[in-house]
Amino acid sequence: MPIDVSLLAEVPLFSLLDEQERAALATQLDVVNFRAGQAVFNYGDPGGALYVICAGAAEVFFKNDTGERIVLEQPAVGDFFGELSLLDNGPRTASVWVTEDMEALRIDRTDLEYLFRHHSGAAMDLLTAMGRRMRTTVELLRHTATRNVNEEMEDRRTLIQKSADWIAEFSGSIPFLGIHIILFAVWIGWNVLPGLAHFDSFPFGLLTMSVSLEAIILSVFVLLSQNRQVAKDRVRSDIEYEVNLKAELEVAHLHEKLDHLHAEVNRRLDMIERMANKAER
């Protein structure tokens, strides 16, 4: 379908080209149309083309690990999308749905090479768009579900919390018990054996008070450590939920791809059948 050269002048990507360059480029581009609610392409689809919007609007998005729909961009007239897969020949990294009936120019690698040869400044527009989307993606990667619960909690501990964890861990160990058995044996033996200066005679009131104070202080540190453990368990539960949800979404995505392939195979088989029927007639 021939392209109106004046249409290219309204697109920022081509606006700096001269009339001859736009006329030459217009002979190579294709015009495609999409209705509102239609998918231009989906995440994981093969790449190979860049789209420049001449009329209408679209939405570039993907789903994160928890199934949330993250909108990267809402391109309108003059904007373009699909440049990353075009440049590296990789699969699509996002999905694009049409929000308003859209008319767009479809540019493949050959068209892009022609554009860059005649107007290298257009490459900066592509790099700007890619940089903007990469910044958004990097920010979203901070919320990935693959996290280590111990690192999540350890990095946030204060000095008091570290001390509480160490005291709580040591108070439940065999060395702690052994130290107290030896201490109590020496204390009681010193105050009951004859010939020694008794400083805490039976019923050992000073020892009882010391043990009570120690129990109170230890109980506080143990409770502090337990509260941190509860918080850690909560984070662990959240991470496990996110991981399970991510796995569920991956399975759902595979089902969507299989359904899409199944529909595409049925469509092509139906087309082949109709062509075979026409040939028989």
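Computed from the coordinates by the stated procedures, all read-outs in this text should not be read as laboratory data. Only a predicted model underlies this, so the values are computations on that prediction, with no experimental measurement involved. Cβ atoms come from the backbone with ideal geometry, glycine included; neighbour counts cover every protein chain shown.
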Inset, instruction - Return 99, 158 ranked ascending by Cβ neighbour count within 10 Å, so the fewest neighbours appear first. - result: 158, 99
Legend entry - Estimated vicinal HN-Hα couplings, Hz - region 218-224 in sequence order (Karplus 6.51, -1.76, 1.60; Gly, Pro = x): 5, 4, 5, 5, 5, 5, 4
Inset, instruction - Multiply the residue gap between residue 270 and residue 236 by 0.36 nm, knock off their C-alpha separation, and tell me the result in nm, one decimal place. - result: 7.2 nm
Inset, instruction - Calculate one ³J(HN,Hα) per residue across region 20-26 by plugging θ = phi - 60° into the Karplus curve 6.51 cos²θ - 1.76 cosθ + 1.60, and present them in order as whole Hz with x for glycine and proline. - result: 5, 5, 5, 5, 5, 5, 4
Inset, instruction - For residue 70, enumerate residues with amide H under 5 Å from its amide H, sequence gap 5+ or separate chain, H modeled in the peptide plane. - result: 62, 63, 64
Legend entry - Karplus-derived 3J(HN,Hα), 6.51/-1.76/1.60, for each residue of region 194-202, Hz, glycine and proline x: x, x, 10, 6, 7, 10, 8, 5, 3
Legend entry - Footprinting exposure proxy for 242, 100, 273 (fewest neighbouring C-beta atoms within 10 Å first): 273, 100, 242
Inset, instruction - Quick one, can you get me the convex hull of the C-alpha atoms of region 149-275 expressed as volume per residue in Å³? - result: 130 Å³
Inset, instruction - Rank the residues 95, 173 as a footprinting-exposure proxy: fewest other Cβ atoms within 10 Å of their Cβ go first. - result: 173, 95
